[in-house]
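As structure tokens, the structure follows; a few thoughts come after it.
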Amino acid sequence: MTIQGDVSHGGTQLLTRSNASKYALGWLGLGSYVQPLTILDNLPKPNFWFGDIVKYSWFSDDKKRIEWETGQIMGVTWHPEEKRWLYSVNWTESTNKNQGFTYPAFDDCLTDDSDFKLVAKGKFEGCQ
């Protein structure tokens, strides 16, 4: 049968991305651990995306002033228990230079966006 004839019978559905992913993950034993990308449709839109430049500020008790850091969003993660987005940030500059920090500094801890301000949109479109 030609592929055109097969399409009318739905046979090529086996080759769609979602089905191919499902079969591959099932074969690897990961099917129950990995969710399909369509789950993003059911979540709130993240406030920031890959490549966005953000500024984070806080009040320094030591210096009695507001300090800030600027960084780029490198990771976007949904936390299913807390029902919120968390971000990995590569911090590139700060007013807090006297503390021995060197920049850029990738923060391997996930950070919420409660104190982030958008400085510039990133160039990545992705699933946003």
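Listed values, structure above:
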| quantity | calculated |
| --- | --- |
| At R0 = 30 Å, FRET efficiency that the Cβ-Cβ distance of Ile66 and Lys123 yields, to 0.05 | 0.55 |
| Radius 15 Å from Cβ of Thr77, net charge of other residues (Lys, Arg +1; Asp, Glu -1) | -4 |
| Integer Hz, Karplus 6.51/-1.76/1.60 couplings in order for region 44-60, x for Gly and Pro | x, 5, x, 6, 10, 9, 3, x, 5, 9, 10, 10, 10, 10, 8, 8, 8 |
| Sequence of Tyr87, Tyr56 when ordered by accessible area, the most exposed leading, probe 1.4 angstrom | Tyr56, Tyr87 |
| Nearest-0.05 FRET efficiency for Ala105 and Phe59, computed from C-beta distance (R0 25 Å) | 0.75 |
| 9 Å beta-carbon shell around Leu118, net charge (K/R +1, D/E -1) | +2 |
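The values are calculated or read from the model by the stated rules, or taken from the named source; none is laboratory data. Keep in mind it's a predicted model, so treat the numbers as computed, not measured. For neighbour counting, all protein chains shown are included, and Cβ atoms are generated from backbone atoms with ideal geometry for every residue, glycine included. Just the protein is used for accessible areas: all its heavy atoms, side chains included, with ligands, DNA and RNA removed. Shrake-Rupley method; radii C 1.70, N 1.55, O 1.52, S 1.80 Å.
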